[in-house]
Structure formats: structure tokens, C-alpha cells
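Notes for the one structure printed next.
Derivation of every value follows stated rules applied to the coordinates shown; laboratory data play no part. Since the structure is predicted, the reported quantities are computational estimates derived from the model, not experimental observations. FYI the Cβ positions are ideal-geometry reconstructions off the backbone, even for glycines, and counts take in every protein chain you see.
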Amino acid sequence: MNPTLASIALAGPETVLTAGSLTALMLGTFGGGDKALRWLTFVAVTIVAIAGLTLIDDPVGRTLAFDGLYVTDAYSSFLKVLILAASAASMLLALPYLAGAKTGRFEYPVLLLLATLGMCIMVSANDLLTLYVGLELQSLAAYVLAAFHRGEARSSEAGLKYFVLGALASGILLYGVTLVYGFAGSTEFDSIHRLLAGPGPRSLGILFGLVFILAGLAFKISAVPFHMWTPDVYEGAPTPVAAFFSAAPKAAALGLTVRVLVGAFGPMQFDWQQIVLFLSVASMGLGAVAAIGQTNIKRLLAYSSIANIGFALVGLAAGTPQGIEALLFYLAVYLAMTLGSFLVVLQLRREDGSAVELMSDLAGLSRVRPGLAAALAVFMFSIAGIPPLLGFWPKFAVFQAAIAAGLVPLAIIGFVTSVIAAFYYLRVVKIMYFDDPGVAVASTRDPINGGLILVAATFCSPLGMLTITPIVAAAGRAAAALFG
Amino acid sequence: MPILSIMILLPVVAALVAVTLPGEAPEQAARARIVALATTLLEFALGVVLWTGFDASGAPFQFVEKLPLFAPYLAWHLGIDGIALMLIVLSVFLMPMCILASWTSISKRVPEYMAAFLLMESLMIGTFAARDIFLFYLFFEGGLIPMFLIIGVWGGARRIYASYKFFLYTLLGSVLMLVAMLYMVGIAGSTDIGVLATTDFDKGAQFWLFLAFFASFAVKMPMWPVHTWLPDAHVEAPTAGSVILAGVLLKLGGYGFVRFSLPMFPDASAQLIWLVFALSMVAVVYTSLVALVQRDMKKLIAYSSVAHMAFVTAGLFALNTQGIEGAMVMMLSHGLVSGALFLCVGVIYDRLHTREIARYGGLADNMPRYALLLMLFTMASVGLPATSGFVSEFLVLLGLYQVSTWATFWMTTGIILGAAYMLYLYWRVAFGTAAGEDARTMPDLSGRELAILVPIALAVLWMGIYPASFQVPMKPAVAAVVDRLKGRELATLPTEMSLTPALPTVIAPAHAAEAPERTH
């Protein structure tokens, strides 16, 4: 077969998503405009599902395509499953929200499809340029999404802020890429890895390039100290968009970071490990402390996502296959917990029809909607990492890997910050269960979202522990593929 | 029949049933109560089956179940020895009392309340039955969630403060233990408690591991100076919550010491007895003095719990047969007695809605049956012969005396102070005259209240008069622990009643100190 055609066939999800997003755009433009939002969302979910199906017959081993620009292996497949699932959920969870808001525009699912395409490219990147293309595609769609409520100053501000800071980060990243290219002579991960593993002294330029690349990526995963945009953007963006930001792009960017560091810069582990350690400790610490004073749920969840990225980075700091396995497991569970929390919040409206954003709006929820309150309590205890809920086990796994790698102080710091963080997760439970109902909360009953909440809550409950074995086995294969 | 799995899963299923019952609020509440009572009684029946089916001369761990359900992190691995058996029996015995005690006093959100208690029961049984170290941790920590909700939703005025304090205090203690567990499993390569208990860890590492476990168990116990969450939690919790807290949750600390700290870190345990003794001595004197000046009944009993738990730690770290056995009996006895005392407070709290001692008085006149039972439990708490308290205190002091005379001296002082504050409490509540008319006209115990208190009274007397029924199943387990400690070098303590340092001593072999066994 023609090598280009073979490459296209190999890049199944990307091909489906490219064709699908353009088709969806046409359907939306010529097939009813904004009134088409609802069925266009289902079309988009179908496209994502088809993209997921193409993953099934992926080659088992590591396969390069597009002249080494693109790679598929168990690692990329694992992350793509997570990304596609999270994206589909992000499309569905917006339905009741967008129907109530004035800006129920049909571009929402189309933009999500484009962002998903970018994310799939990111996790399959085998070259610094592919990385950049994927990252920018995802980011550009995300900037638009953040400003989706274009009539609202807060949303526009969020979009602009995200864009300016994101562009700066992309610039830093690109600068790092040029440095690495200049000193290593290649942008392909395998060549860089070969060069670094070889004998002879390493150029300081590559180290500089690595630091710049890592800084750019740290911005995308909102690791401290590159996290400043996160709370503001989450607060300003429409809630479903914030839900999306906290899920799939985090998984994609973190997956990409891992592939760059382990795949391309593996021999420089000693150098990047210190940076990752710092990012991890700072994210866990700041995420735990800064969230205590928050009154807005979206800001709270923003800090929570910062802290969670810190926990996931512990697995990367360990730098072992066991650590990467734990990180992937962490991502899988984290996506379910964060999307679940946002789903519950999205079901609620105040009496005047505005969206629920303040934590005090949840007061007494356990009496008005006991099911929703119980689900949110499960998510909160789970993110806090209290056994026997599922959220405990990924934390357990990353710290087990850290201790096996000799990073006992990191594990102690991590667990102590998790106790501090437990305080604010508990506060959500306290407001729902201990406080008397205050502001009346009207809630929609959307069967699709209800089903999603049920699935996520069951997954995060102790019952979800039965899924540990298959998920960890898949994550283990993915990690093994990365270390090859 | 996988009886332990059934005992763990049955309450969970019942809890789900309780919160999904159909019907209007009042009948839903009535049904939830019946579901909870039936489940706890069934659990008690299963507990009796467990007790009668346990062969004290058989394998060290019986009713073993092992399923690799959650590989690679942990396995569903259950099994009990005599110590676990007795604590499980204690838990399932107290649970129906808790449900009955909340029969009328809890009127809001009854199905959720019953569900929380059933979940508690499941988690407590799981903690004692777990043979996988992470399965143990899962149950150990999982108990925080229902207890947090019980205190926070159904508690008193300062319930939110108390629930937070309880949750965060115990969580912080436990995460350090989790780090230690991860480290140990990394070295031993197994999550099986049995394997870990026979692994000889490096002596230097043992020291840190011991302290990490100590952080968790000392908070759960609770030992001075990390006991401060306990009075708050007790005072704010509903009656049945206090019973579970005092009756079973405090036992998790002592259980942890005997199951983990002593056999897994024998060298560190032997070297750090001075630390435990010092904290226990301070605790027993200090908390007894604090208890003397309390005006709130529940707070007084809470402080007395801290003092009694100091006996448990002192007995355990005597590191000999009598001490450990005494500590175990003390845990059972305290579970019954303090549970009963909290229930007694609940009885009069339901009538007058205050826990202030000064509001009561002269109850011996209008509530004679109540006064009689309260006297029995007061005496058991003080340690009068023929009650369970005497057996345990005597054994602990016997074991402790072989190791440190000074520690024994201060612990005995604690007993005297204990008698002072308990009798002072009884005097103020039962004799004299009450301040108000309402207290003078309170009706005596109802049939339901008698059904709660009389079985506990009988158990207290049984344990006081014929403790062998409780001691015999535990003997092999205690002997196994003492075996692990044999020959370890003990920290230097001022053993004689003089301040000159004594020579290093070595722990006596298990059989050498068997003689003064029978205590009645």
C-alpha cells in the first residue's frame, strides 16, 4: 500500500475526527443552525464513538506512521480511550445547560470535535512538530470555547486571558523546540533519545530546550507555578466548558508530557525529574491550600484539578514504568471524578434560572435531591482519597510507585497535602448534608445526564474497585509500551 | 460458608435497602428501624456462630477466605484469630443496642441514620477480619465517612466543629501509617499480614515504621496528647454514635498495636516502651484529674475512656502475656462498660435534654432500676471485683509490674482517681435531690431501655466472674505475639522504686510468667 494511505489508515481516530468535524460543521451551517444543537450533539457523539471503534483493531506493538511523525502504541490507545470518553461526556453534559442559556450555538459540539482531534494528535505525537500542531489545534478550539458566552464580559475575559497566556506558553514551548532542534539536530523523539543515550557530553542547550518545553507543557496541565490562568478561566467560562477543560485536555497534555519526557528525554531523567518533583509538590501544596478560601464551586474544582495534576505528576516523578502505570490509572479515575462533580453541579439551577456557581447554593441539597447529593458526596470523598472509594487507589498507586523509587519524603508530603485538601472536599459534603436548605435550587432532570452521573458515581464508589484489575492491567501495558 | 464475607456485606445491602424503602416519611422511618434492627440481630447471631465455631486449639487463623479480587493492589483476604473474634463479637453485640437506643431519640432522616450505622458495622467487622494490610487500611479509614456523617448530621450544637476535628485528626494520623505500609509491602513483597508479621525489618527502619503506625493508632486510641478530638466527638455525637465510638472505634487503636506494631516491629516496640509508658502515665493521671472537674456527663465519661485506654497501651507494652491479655480484656470490658455508661447518659438525656450533671440528682428515688444499673456500670468502670473492669486492671498491673514499678505506681494512682471521679459522678446523679421538678418526676426505665442495658450488665458480670470464656480463645493469639517479642532487648527503665538506672532486661519467655493466671 502507498505509505501515505497506510499512515492514514493507521491514524484511524484522527481520520474519523477530521472528516467528522468538517461534516458536522457543514451539517450545522446548512442544516438548521442553532436549532440543530441537540441532534448535532448526538451526531458528534456518534463520530467520537466511531473514532473509538477504530482503536480496536490497532496494531498491538508500536507502529510509526507519516515518516516517524506519528506513533500508535498501547500508550496512545489507552489515552485516546480516555480522551474520547471524556469528550463525549463533555458534549452530553452541556445539553441541558446550553438549552437553558441563550447561547445555545451549534458550534459547541463542532469545536469539541476539533479539540478532540487535537488531543488525539497530541498523544500520538512522535515529533516535536506533531506535538505542536496537536497542541495548537486543541488550544485554539479551547480559546473559542472559553469565550463561548460571547455576550458576557466574564466569559470573553476568560477567553482572552486564556488566549494571551496560552499563546505565551506556546511561544515558550516553540522556543524550547528550536533549541532542542538546534543542539540535537532533530525533532523526532526517537532520534533525540538515541542522541542523548549516546556517549559524550551533552550540550547545555538541550537542557535549556528541555526546560522551556517543560514550562510550556506545565502551563497546559496547569501545574504550579504555571497555573494562574486556571481558576479565572474556569470561573469565567461556561460551566460545561470548564468541565471539559478539567478533563480531557488535562489527560492529553499530561500524556504528552510523559511521552516527551520518557520517550524523547528519557536519558536525561536525572535533569527533568527534579523539575517534575518541584511541579508536583508545588501543585499539591498550592492546590490544597488555595482552595480552602474559595466560595465558588468552579474555582474550587479548578484548584482541585491543580492538586490532582500534582498527584498524578508524582507518578511521573518516580520515572519508572510502575509510576507511569499509576499515573495512567490516576488519569482514568480523575476524569470520572471531575466530570461527575461537574455533572452534578450542571443539573442545578437557582430559582431565577441562573446557573448554580456558589457553594452556598448547595445548602441542604441532600433533602431536596438526595440522589444528586449522594452522588456528589461520593465524588468528593473519592477525590479526597478516602478509602474504600475508588479515588483512593490511584493516589495509593502513585505513592506506592514513588516509595518504590525511593521518594519517601515526596509520599509523605503528598499524603499530608491530601489531608489538607480533604478539608475543602468535606466542606462541600458539610454544606449539602449538615446545613439547612437556603437558596431554593431547582434542578433539571435530564435522563442522559442522570445516566452519566449514575455510571460515574458507581465507578467511583467501592463497587468501582472491581475495575482496578482490568484498568491497571491496561495501564501497565501502556506504560510498558512507552518504555519499550 | 463464607461467613465473614456475609457478615461484612449483609449490612451494606441492608443499608441500601434502608435508604431506598418506599413510602411516606413516617412509615419509611419505621421500616428502616425494623430493617436495621433485624440486620443487626442477624449479625449478632452470625457472631455467635463464629464464636461457637471457633476452635481455640485449632489453626491460628480460622474462617479464612482469599480471593484475588483487586489485584495488583490488594486481595479480599479475611480470617480471624481469637483477638479479632472477640472484638467482632463485641461489635455485633453492641450494634442492636445502638439501634434500639436510637429508636425514638432520632426522628429526622431515620433511613440515612440507620444506613450509616449499618455501614459502620460492616466496616468494623471488616477491620477486624482483614488479613490483607491494605484491606485493613480500607476498612480502618472507611469508618471515617459514616462516623463523620453521624456526628455532623445528627449531633449536638457544635457538631460541625466536632465532625471536622474527628475526621481530619484521624485522617492525618492514618496517612503516615499508609506510607509506612507501602514501604513495608515494598520490602516484604506481600500484602499478607501474616507474611508481614514474620518479616524481620531492619532495626533502624523499624523505628520509623513504628512511629508512623504509632501516629495512627495513638490518635485512634486515643493517647495523650492527641486525645483532644475524643471529648468533642463524644459530646456532640448522638448517644448511639458515642457508644460505637467508645465501644468499638477506640478499640481499633489497641487492635492495631497488637496486630501490627508489636509483631511487625518487635525491636522498636521493646526499645520504645518508655515512650508509651510515659504517655500512658501522663494520660491516666491527667485525664482523671480533668474528668473530676467536668460538668458534662458525656465529657466526663469521654475522659475516663482516655484513662482506660492508657491502661490498654501500658498493658500492651508490658510485652508479656499478662499485660497483653489484660489489655485485650480491658478493651472488651471498656467496650461494654463505657458503651453502657453512654447509654445510661442517653436514657436521662432523652428525658431532660441536658447532659449537665448539676441538673440531675436523687435519681435513686424516682428511677431505682436506673440507679441500680448505673451503679453496676460505675463499679465496673472503677474496677470492682466480680466485674469485668477488675479482671482487666488486675492483669494489666500484674504484667506491668514485671517491667516497671514506676509505671505500675502511676497507673494504680489512676485507678484511685478513677474511683474518685466515677463515684463523685454517681453521688451527684443518683443521690441528694434534683435541682428542678422535671428531674424529680422522670419515669424509670422503659421496657426497651431495660432490654438495652440488662444484657450488657449480664455480660459485664459474666466477664468479671468467669473471664476464661473470653480469655481462652485469645490465648494462642497473645502467645504468638509474645513469641515474636521473646529475647528482644528492652529499653532501660527505672524498674525498681529507685531512680538509679537498672541493667538492660530481656523479655521473659511466654511460659515463664504463666503462673498467676487465674484472677478470681
Q) Between residue B:441 and residue B:69, 0.36 nm times their residue separation minus their Cα-Cα distance comes to what? A) 128.1 nm
Q. With +1 on each Lys and Arg Cβ and -1 on each Asp and Glu Cβ, how big is the dipole of chain B about its Cα centre, in debye rounded to the nearest 20?
A. 720 debye
Q | Whole-number D in µm²/s for the stretch A:105-244 (Stokes-Einstein; Kirkwood sum over Cα pairs; 25 °C, 0.890 mPa s) | A | 153 µm²/s
Q) Quick one: in the stretch A:239-312, what % of C-alpha pairs are over 19 Å apart? A) 43 percent
Q: With the Cα gyration tensor of chain A in hand, convert its eigenvalues to equivalent ellipsoid semi-axes via √(5λ) and list them largest first in whole Å.
A: 34, 27, 20
Q.
Which lysines, if any, have their Cα less than 25 Å from the Cα of residue A:35, not counting same-chain residues under 8 positions apart?
A. A:102
Q. How high is the relative contact order of chain A, in percent, with contacts defined as C-alpha pairs under 8 Å that are six or more residues apart?
A. 15 percent
Q) Beyond 17 Å, what share of the Cα-Cα pairs of the stretch A:207-249 remains, rounded to the nearest whole percent? A) 39 percent
Q: Take the Cα radius of gyration of the stretch A:301-384 and divide it by 2.2 N^0.38 Å, with N its residue count; two decimals is plenty.
A: 1.33
Q) Can you give the Rg to Rh ratio for the stretch B:178-243, taking only C-alpha atoms and Rh from Kirkwood? A) 1.16
Q: Quick one: P(r) of chain B from all Cα-Cα pairs, 10 Å bins, percents rounded to integers, in order of increasing distance.
A: 4, 20, 31, 27, 13, 4, 0, 0
Q | Cross-link table A:80/A:220; A:250/A:430; B:165/B:220; A:161/A:298; A:250/A:395, entries beyond 20 Å C-alpha to C-alpha | A | A:250/A:430
Q. So, how do all the Cα-to-Cα distances of the stretch A:1-65 break down into 5 Å bins, in percent, from 0 on up?
A. 4, 17, 22, 19, 13, 10, 8, 5, 2
Q: Report Rg(Cα)/(2.2 N^0.38 Å) for the stretch B:1-101, keeping two decimals.
A: 1.27
Q: Provide B:74, A:327, A:25, A:5 in ascending order of the number of other Cβ atoms located within 10 Å of each residue's Cβ, fewest first.
A: A:5, A:25, B:74, A:327
Q) Once the Cα atoms of helix A:269-290 and of chain A are each reduced to a long axis, what angle between those two axes, in degrees from 0 to 90 to the nearest 10, is obtained? A) 10 degrees
Q.
Counting only Cα atoms, I'd like the Rg/Rh figure for the stretch B:201-308, Kirkwood definition for Rh.
A. 1.03
Q: Compute the length gained on full extension between residue B:489 and residue B:282: take 0.36 nm times their separation in residues and subtract their Cα-Cα distance, giving the result in nm to one decimal.
A: 72.0 nm
**Q.** Spatially proximal lysines relative to residue B:475 (Cα-Cα < 20 Å; intrachain offsets below 8 disregarded)
**A.** B:251, B:486
Q | Calculated FRET value between residue A:156 and residue A:194, using beta carbons and R₀ = 56 Å, to 0.05 | A | 0.75
Q: May I have the convex hull volume per residue, in Å³, for the Cα set of the protein assembly as shown?
A: 171 Å³
Q. What residue among B:105, B:144, B:172 has its Cα farthest toward the positive end of the dipole of the stretch B:58-180, where the charges are +1 on Lys, Arg and -1 on Asp, Glu, each on the Cβ?
A. B:105
**Q.** Percent breakdown of C-alpha pair distances by 10 Å bin, ordered from the shortest bin, for the stretch B:114-164
**A.** 27, 43, 24, 5
Q. For the stretch A:270-347, what is the per residue volume of the convex hull drawn over the alpha-carbon atoms, in cubic angstrom?
A. 67 Å³
Q: Sum -39500 (n - 2.57) across every DSSP H segment of at least 4 residues in the protein assembly as shown, then divide by the residue count to get the 222 nm mean residue ellipticity, nearest 500.
A: -23500 deg cm²/dmol
Q) Across every pair of different alpha-carbon atoms, what Kirkwood hydrodynamic radius in Å does the stretch B:284-443 reach? A) 15.9 Å
Q: Could you state the angle between the C-alpha long axis of helix A:392-404 and the longest principal axis of the C-alpha atoms of chain A, as a value from 0 to 90 degrees rounded to the nearest 10?
A: 30 degrees
Q) For helix A:297-318, what angle does its Cα long axis make with the longest principal axis of chain A, in degrees from 0 to 90 and rounded to 10? A) 30 degrees
Q. In the stretch B:417-471, what chymotrypsin sites (Phe, Trp or Tyr not before Pro) fall in a loop by DSSP, with at most 12 other Cβ atoms inside 10 Å?
A. none
Q: Return the FRET efficiency for the residue pair residue B:57, residue A:29: r is the Cβ-Cβ distance, R0 is 60 Å, and the value is rounded to the nearest 0.05.
A: 0.10
Q. Within chain B, which DSSP H helices have Cα atoms that stretch 30 Å or more along the helix axis and a mean Kyte-Doolittle hydropathy of at least 0.0?
A. B:25-53, B:159-188, B:321-352, B:405-430
**Q.** Isotropic mean projected area of the C-alpha convex hull, the stretch B:321-362 (nm²)
**A.** 3.9 nm²
Q.
Give me a comma-separated list of calculated 3J(HN,Hα) values for the stretch A:86-91, in order, Karplus coefficients 6.51, -1.76, 1.60 applied at θ = phi - 60°, integers in Hz, x for any Gly or Pro.
A. 5, 5, 4, 4, 5, 5
**Q.** Convex hull volume per residue for the stretch A:411-482, taking Cα atoms only, in Å³
**A.** 173 Å³
